[in-house]
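Beneath this line is the structure, given in structure tokens, with notes to follow.
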Amino acid sequence: ETGVTQTPRHLVMGMTNKKSLKCEQHLGHNAMYWYKQSAKKPLELMFVYSLEERVENNSVPSRFSPECPNSSHLFLHLHTLQPEDSALYLCASSQMGEPQYFGPGTRLTVL
Amino acid sequence: GNSVTQMEGPVTLSEEAFLTINCTYTATGYPSLFWYVQYPGEGLQLLLKATKADDKGSNKGFEATYRKETTSFHLEKGSVQVSDSAVYFCALGSSNTGKLIFGQGTTLQVKP
């Protein structure tokens with residue numbers, strides 16, 4: 001595998017479920033990011049991890065919980081989501097200060 | 001604060017037409033500027049970048065020049081193909097934090 005991978009690619013969940021999104025980067029980068037992409041809205045930066053420490057949390061509701069166990073892996077734990085959380089969730093990685101490289105995204109639908 | 005504004009789409013062109021997608025920005029300091037492209041069902045891919053004033057980024061026939069005097073970074077291509085149909089995002093980045101600020105995206109549709 002090369003680049004940035006994300007699993008699953010598609011996820012349908014009920015509002016009471018708990019699920020996790022996974023991101024893995026094979027580029028040796030030291031920073032990782034979660035974005036939310038909703039229809040007709042700009043990309044929203046959710047979280048930034050640099051050297052496995054969270055350095056940014058853009059007022060994201062607590063029902064989204066990130067985890068970065070090492071520099072290659074990033075998770076987004078989901079629980080008690082709302083239908084308006086349905087979106088494409090994109091992971092990216094970079095060397096700090098360099099361009100970001102994106103994964104293909106997870107298309108999330110909350111019923 | 002920093003922001004990026006792109007022209008609204010969709011932009012519809014015939015194959016081999018000339019493309020311009022406008023992007024302007026407001027920023028403090030000296031940010032880097034990027035164009036990303038998103039093909040249907042995929043994530044964003046870096047298309048080109050420029051890190052200082054008067055730099056020209058280019059890739060796959062696309063070009064954009066970092067214009068500090070007009071705070072612009074317009075994307076151009078001389079002859080578009082059907083395979084260029086995608087959503088194009090202009091972005092501004094901080095070299096210190098790595099944070100990117102994106103425009104709202106412009107959809108390009110190229111017809112044969």
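Scattering from the C-alpha atoms of chain B alone, worked out with Debye: what is log10 I(q)/I(0) at q = 0.10, 0.19, 0.21, 0.22 1/Å?
The Debye formula, applied to the Cα set alone, gives -0.26, -0.92, -1.11, -1.21.
Show which lysines lie in cross-link reach of residue B:56 when reach means a straight Cα distance below 19 angstrom and same-chain residues fewer than eight apart are skipped.
Qualifying lysines at Cα under 19 Å: B:68, B:77.
Would you tell me the mean number of C-beta atoms belonging to other protein chains that fall within 10 Å of each C-beta in B:55-64, as a whole number?
Across B:55-64, the average partner-chain Cβ count within 10 Å equals 0.
If you keep only loop residues by DSSP, which trypsin sites (Lys or Arg not before Pro) in region A:9-92 have at most 12 other Cβ atoms within 10 Å of their Cβ?
Working: sites: A:9, A:18, A:19, A:22, A:36, A:40, A:54, A:63; in loops: A:9, A:40, A:63.
Passing sites in region A:9-92 are A:9, A:40.
Let me confirm one metric for peptide A:37-50, namely the mean number of other chain beta-carbon atoms within 10 Å of its residues' beta-carbons.
Details: counts 7, 0, 0, 2, 2, 9, 11, 1, 4, 0, 0, 3, 0, 2.
That works out to 3 on average.
Counting other beta carbons within 10 Å of each residue's own, what order do B:74, A:10 fall into, fewest first?
So the residues, fewest neighbours to most, are A:10, B:74.
For region B:11-112, which GluC sites (Glu not before Pro) are both in a DSSP coil and crowded by at most 16 other Cβ atoms within 10 Å?
Here the sparse-neighbourhood loop sites are B:15, B:16, B:42, B:69.
Rank the residues A:65, B:3 as a footprinting-exposure proxy: fewest other Cβ atoms within 10 Å of their Cβ go first.
Fewest to most other Cβ atoms nearby, the residues stand as B:3, A:65.
What distance in nm separates the two pseudo spin-label positions at residue A:20 and residue B:18, each 7 Å out from Cα along the beta-carbon direction?
5.4 nm
Kindly list the residues of region A:59-93 that lie in the label zone of residue A:9, defined by a backbone N under 18 Å from the point 7 Å along the Cα-to-C-beta vector.
What the label zone holds, given the 18 Å backbone N cut-off, is A:87-92.
What are the principal axis extents of the Cα atoms in the protein assembly as shown, in Å, biggest first?
Rounded to whole Å, the extents work out to 50, 39, 34 Å.
Which ³J(HN,Hα) values in Hz, rounded to whole numbers, follow from the phi angles of region A:79-84 under the Karplus curve 6.51 cos²θ - 1.76 cosθ + 1.60, where θ = phi - 60° and Gly and Pro get x?
My calculation for region A:79-84 gives 8, 6, 6, 10, x, 6 Hz in order.
Once the Cβ-Cβ distance between residue B:2 and residue B:67 is put in as r, and R0 is 22 Å, what FRET efficiency do you end up with, to the nearest 0.05?
After rounding to 0.05, the efficiency reads 0.85.
Can you list the cysteines of chain A that have no other Cys Cβ under 4.7 Å away?
A:68 - these cysteines have no disulfide-compatible partner (Cβ-Cβ under 4.7 Å) in chain A.
No lab work stands behind these numbers, since they all come straight from the coordinates. Note that the coordinates shown come from a computational prediction; the quantities given were computed from them, not determined experimentally. Glycine also receives a Cβ, built like all others from the backbone with ideal geometry; neighbour counts cover every protein chain displayed.
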